[in-house]
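The values are calculated or read from the model by the stated rules, or taken from the named source; none is laboratory data. Please read all numbers here as calculations on a predicted model, not as lab measurements. Methodologically, a virtual Cβ is constructed for each residue, glycine included, from the backbone with ideal geometry; neighbour enumeration extends over all protein chains shown. Protein only, heavy atoms only, side chains kept; ligands, DNA and RNA dropped before computing areas. Shrake-Rupley method; radii C 1.70, N 1.55, O 1.52, S 1.80 Å.
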Amino acid sequence: MVKVRKPAVAGSFYPEDPIELRRMVKSMIDEANVSSKTPKALIVPHAGYIYSGPVAASGYALLTSAKPPIRRVVLLGPSHRVGFKGLSVSNAAQFATPLGSIPLAKHAIERIKELNYVHEIDQAHVLEHSLEVHLPFLQEVLDEFILIPIVVGDATPLEVCEVLELLWGGAETLIVISSDLSHFHPYDTASRMDRETSDAIEALQWESIGYDSACGRGAINGLLVAAHRRKLEVTTVDLRNSGDTAGSRDRVVGYGTYVFE
């Protein structure tokens, strides 16, 4: 029997009905600006779609004309529910959304499990939204692809970087880092903090991104180390917060999309 990781936040973070979900995702992507370049990596936010969906879509729109086609996605996001050291992979064979199931790249997952800080912790994946919310976007903009989902716990940037280097691949492989930015500050404070974080990301200064900068800082910083080694260029595609999209401006969450080329 094939083990499938079922959706945990369909109906709350995004629509459970597949027709409504596809319509919503397509609409956000259609409204985003499209570049002719195909990214190697993206940083995109992971809140409910009414809050961060348009910001995430600004990154996924870049994949609508990806050439050569992307066949493998390495997806990393922070753990919100389970505490652990290192990084966690899943024992599932597929990850499901209302739009269908995505097969996991089991051979690649077995390879990184040889690292002593990469663990198989299914519980870290079962209810984790930081990875799940990106899957419908990927299903909308890509043809068939295989997935390597990784939840990042208490891991160093160099550990994350080592995993990314093992999975880097060529043009067929896309790396997606899931992260929101600052949390629950007044609008003006959050805007200043998120601008400083964006400047650090563009400068590949992982040492400047701390606890209050981004919930996915572990994965972000690992990517920045790898990007510095490989001389990638980073561009901020979109930078907003929940006060700009669907919330009040008293306590906002920051969202940024960044493209690595």
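Within the stretch 184-196, if we keep just the residues that are buried (at least 17 other Cβ atoms within 10 Å of the Cβ) and out of contact with any helix residue (DSSP H, G or I) (no Cβ under 8 Å at 6 or more places or on another chain), the residue that is farthest from Val225 (Cα to Cα) turns out to be Ser191. Total residues in the stretch 1-20 satisfying the condition of being farther than 18 Å from Gly48 by Cα and either open to solvent by less than 60 Å² (accessible area, probe 1.4 Å) or touching a Phe, Trp or Tyr at 6+ places or on another chain (Cβ under 7 Å) (or both): the figure is 2.
The single condition among (1) open to solvent by 10 Å² or more (accessible area, probe 1.4 Å); (2) touching a residue at least 40 places away in the same chain (Cβ under 8 Å); (3) not in a helix (DSSP H, G or I) that Glu165 does not meet is (3). Just one of the numbered conditions (1) in contact with a strand residue (DSSP E or B) (Cβ under 6 Å, 6 or more places away or on another chain); (2) surrounded by 14 or more Cβ atoms within 10 Å (Cβ to Cβ); (3) closer than 20 Å to Ser130 by Cβ; (4) at pLDDT 95 or above is not true of Ala57: (1). Across the stretch 231-246, what is the number of residues that are open to solvent by less than 40 Å² (accessible area, probe 1.4 Å), free of Cβ contacts under 8 Å to residues at least 60 places away in the same chain and over 25 Å from Asp188 (Cα atoms)? Residues meeting the conditions: 0. Total residues in the stretch 65-83 satisfying the condition of being open to solvent by 40 Å² or more (accessible area, probe 1.4 Å) and in contact with a Ser or Thr (Cβ under 6 Å, 6 or more places away or on another chain): the figure is 1. Just one of the numbered conditions (1) of a type in the set (Asp, Glu); (2) without any contact (Cβ under 8 Å) to a residue 60 or more places away in the chain; (3) in contact with a Leu (Cβ under 9 Å, 6 or more places away or on another chain) is not true of Glu196: (3).
Quick grid of which residues meet (1) in contact with an Asp or Glu (Cβ under 6 Å, 6 or more places away or on another chain); (2) outside any helix (DSSP H, G or I); (3) more than 19 Å from Leu167 (Cα to Cα):
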| site | (1), (2), (3) |
| --- | --- |
| Gly53 | no, no, yes |
| Ala56 | no, no, yes |
| Gly59 | no, no, yes |
| Pro68 | no, yes, no |
| Leu75 | no, yes, no |
| Gly83 | no, yes, yes |
| Ala92 | no, yes, no |
| Ala96 | no, yes, yes |
| Ser101 | no, yes, yes |
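Residues that are out of contact with any strand residue (DSSP E or B) (no Cβ under 7 Å at 6 or more places or on another chain), surrounded by fewer than 21 Cβ atoms within 10 Å (Cβ to Cβ) and polar (S, T, N, Q) do not occur anywhere in the stretch 209-230.
Applying the set (1) surrounded by fewer than 19 Cβ atoms within 10 Å (Cβ to Cβ); (2) outside any helix (DSSP H, G or I) to Ser27 leaves exactly one unmet item: (2). Being open to solvent by less than 30 Å² (accessible area, probe 1.4 Å), touching an Asp or Glu at 6+ places or on another chain (Cβ under 9 Å) and in contact (Cβ under 8 Å) with a residue 60 or more places away in the chain is a description that does not apply to Thr173. Can you find a residue that is without any contact (Cβ under 8 Å) to a residue 60 or more places away in the chain, under 20 Å from Ala227 (Cα atoms) and either over 18 Å from the mean Cα position of the chain (by Cα) or assigned to a loop (DSSP other than H, G, I, E, B) (or both) anywhere in the stretch 104-115? Yes, because at least one residue in the stretch 104-115 is without any contact (Cβ under 8 Å) to a residue 60 or more places away in the chain, under 20 Å from Ala227 (Cα atoms) and either over 18 Å from the mean Cα position of the chain (by Cα) or assigned to a loop (DSSP other than H, G, I, E, B) (or both).
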